[in-house]
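One structure below.
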Protein chains: 2
Amino acid sequence: MGITERREREKQELRDKILDKAREILIKEGQENLSIRNIATAAEYSPATIYLYFKDKDEIVYELMEMGFALMVEDLQEAFESSDPVERIRKIGHGYVVFGLKNPEWYQVMFNAPQPIQHLEKCKEEWGRGISLFEFLVETCQEVIDQDRTTVREARLLALHMWSTVHGLVNLALTQRLEMVEQGGGPDLISKTIDSVMRCIFK
Amino acid sequence: MGITERREREKQELRDKILDKAREILIKEGQENLSIRNIATAAEYSPATIYLYFKDKDEIVYELMEMGFALMVEDLQEAFESSDPVERIRKIGHGYVVFGLKNPEWYQVMFNAPQPIQHLEKCKEEWGRGISLFEFLVETCQEVIDQDRTTVREARLLALHMWSTVHGLVNLALTQRLEMVEQGGGPDLISKTIDSVMRCIFK
DNA sequence: CAAATATAATGAACAGTGTTTAGTAAAGTC
DNA sequence: GACTTTACTAAACACTGTTCATTATATTTG
């Protein structure tokens, strides 16, 4: 059945094209301009057609979130490969913040947007890539604890501490709250804060 | 001129009424339902009338942010009065997170919404109450440093560290990311995390 | 090849959003 | 009572997500 195969393939291709245009709009014009109509125009189809390939807008945002995680993992690859667990955590933390500041639109979709999470509730899938990243951090924290290089005793708690701090930093910076209290609230301040956090946690 | 005074007073009263209805909608129906039309209907006026009292929606959100800070300061009053600076920081941190989790709509407006900040840029005013809160935290951190109860040497850095962590925690919880990695990601986990952070920072 | 059928795509509508403008109705002034 | 100022609103514009009946295309069947 070569014909049905071709149709299947064409269907997949259009789905991919829609996602690709969505990605372009997200990056170039921001999340506030990521509308079904804009996506449809970019893909040269009518808005209604989008709904033949995606249940709703949330499903598109969910797919973009997945893409974002792939990009982030790529960015953090070098950090993951550090042999020293403390250095690994420092590099992950720093890389995490840099990714967030350099890719604000991706970051919003991945860590702040409610849509992808609501989509998960509906489909009962899992926040796969996000969990993987966190679990890797937990494992690294466990290594640090095993090496007795921190006073914290629980790996999950330590990982959550790190995540909260970098997530908080990125969000404060992205929502312009950081520059409200610190004029030159740039990457310098963020680096200093991460270093300070690291010194607090590790011996 | 009693008439112009009355008219001035009536103008102020309607402005207050609009803000009050906006507050009610924010709390009861959430930020996604805080529309000019909903506010106008609640105040029993046409949508266009709102624009005679506020430049745009952002200005209303900005006023709501100010209200939110007043509420938060009230909530944190007890924490502010602790004589021991370390205890003060712990209580502020805990109170901050509790406020965020109990008042998600206020929290979004105060710390995540872009509107009030954009409004500030236009009007060149200041994020007054937010800055006051942060500066108080900085002063308390300085006390802790002076008492030599932490290894961190810079008060502003320490304050930012604390703020980032609690802000990150609240946001992870509010956007359902916390429960993605920790099933029972309730207030218990958050308390434990704050305690862990405090132990790391203070001797 | 033509007719019937299955599939794909869309135009138009619905209910909502923020915002502007022209016009009306009421209140105050002379 | 006539004029002017103020307060208010209906209607429109340009958007948003989403649905559904209709149309056009492609494939299968007679």
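The values are calculated or read from the model by the stated rules, or taken from the named source; none is laboratory data. Just so it is clear, the model here is predicted, and its values are computed rather than measured. For neighbour counting, all protein chains shown are included, and Cβ atoms are generated from backbone atoms with ideal geometry for every residue, glycine included. Note: areas computed on protein heavy atoms with side chains; ligands, DNA, RNA excluded. Shrake-Rupley method; radii C 1.70, N 1.55, O 1.52, S 1.80 Å.
Every condition in (1) facing another protein chain (nearest Cβ under 7 Å); (2) hydrophobic (A, V, I, L, M, F, W, C); (3) open to solvent by 10 Å² or more (accessible area, probe 1.4 Å) holds for A:Phe202 except the one numbered (1). If you go through the stretch A:21-30 and keep only what is of a type outside the set (A, V, I, L, M, F, W, C) and closer than 15 Å to A:Leu101 by Cα, you end up with just A:Gly30.
Do we have B:Asp75 as under 23 Å from B:Ile131 (Cα atoms) and of a type in the set (D, E, K, R) here? Give the derivation first.
On the way: under 23 Å from B:Ile131 (Cα atoms): yes; of a type in the set (D, E, K, R): yes.
Considered against the rule, which asks whether it is under 23 Å from B:Ile131 (Cα atoms) and of a type in the set (D, E, K, R), B:Asp75 comes out as yes.
Scanning the stretch A:43-61 for residues being of a type outside the set (S, T, N, Q), open to solvent by less than 40 Å² (accessible area, probe 1.4 Å) and closer than 23 Å to A:Glu10 by Cβ gives a total of 6.
Put simply, of A:Leu71, A:Leu76 the only residue that is open to solvent by 60 Å² or more (accessible area, probe 1.4 Å) and hydrophobic (A, V, I, L, M, F, W, C) is A:Leu71.
No other residue among B:Asp148, B:Asp188 is outside any helix (DSSP H, G or I) and either closer than 14 Å to A:Arg177 by Cα or open to solvent by 40 Å² or more (accessible area, probe 1.4 Å) (or both) apart from B:Asp148. Scanning the stretch B:167-185 for residues that are within 7 Å of chain A (Cβ to nearest Cβ), in a helix (DSSP H, G or I) and either open to solvent by 30 Å² or more (accessible area, probe 1.4 Å) or at pLDDT 95 or above (or both) gives B:His167, B:Gly168, B:Leu169, B:Asn171, B:Leu172, B:Met180.
Which of the residues belonging to the stretch A:151-161 are more than 8 Å from chain B (Cβ to nearest Cβ) and either open to solvent by 10 Å² or more (accessible area, probe 1.4 Å) or over 20 Å from the mean Cα position of the chain (by Cα) (or both)? Spell out how you get there, then give the answer.
Of the residues in the stretch A:151-161, the ones more than 8 Å from chain B (Cβ to nearest Cβ) are A:153, A:155, A:159.
Matches in the stretch A:151-161: A:Arg153, A:Ala155.
Residues considered: A:Lys17, A:Lys57, A:Lys102. Of these, the only one that is over 18 Å from the mean Cα position of the chain (by Cα) and free of Cβ contacts under 8 Å to residues at least 40 places away in the same chain is A:Lys17. A Cβ distance below 7 Å, combined with a sequence gap of six or more or placement on separate chains, defines the contacts here; from the stretch B:22-45, residues that are outside the structural domain of B:Asn103 (by TED's automatic domain parsing) and at pLDDT 95 or above reach residues that are surrounded by 17 or more Cβ atoms within 10 Å (Cβ to Cβ) and charged (D, E, K, R) in the pairs B:Leu26/B:Glu105; B:Ile27/B:Glu105; B:Gly30/B:Glu105; B:Gln31/B:Glu105; B:Ile36/B:Lys57; B:Ile39/B:Lys21; B:Ala42/B:Lys21; B:Ala43/B:Lys21. For the stretch A:113-132, indicate whether the set of residues that are in contact (Cβ under 8 Å) with a residue 12 or more places away in the chain, aromatic (Phe, Trp, Tyr) and surrounded by 15 or more Cβ atoms within 10 Å (Cβ to Cβ) is non-empty. No.
In the stretch B:139-147, the condition of being in contact with a Gly (Cβ under 7 Å, 6 or more places away or on another chain) and either of a type in the set (A, V, I, L, M) or within 8 Å of chain A (Cβ to nearest Cβ) (or both) is met by no residue.
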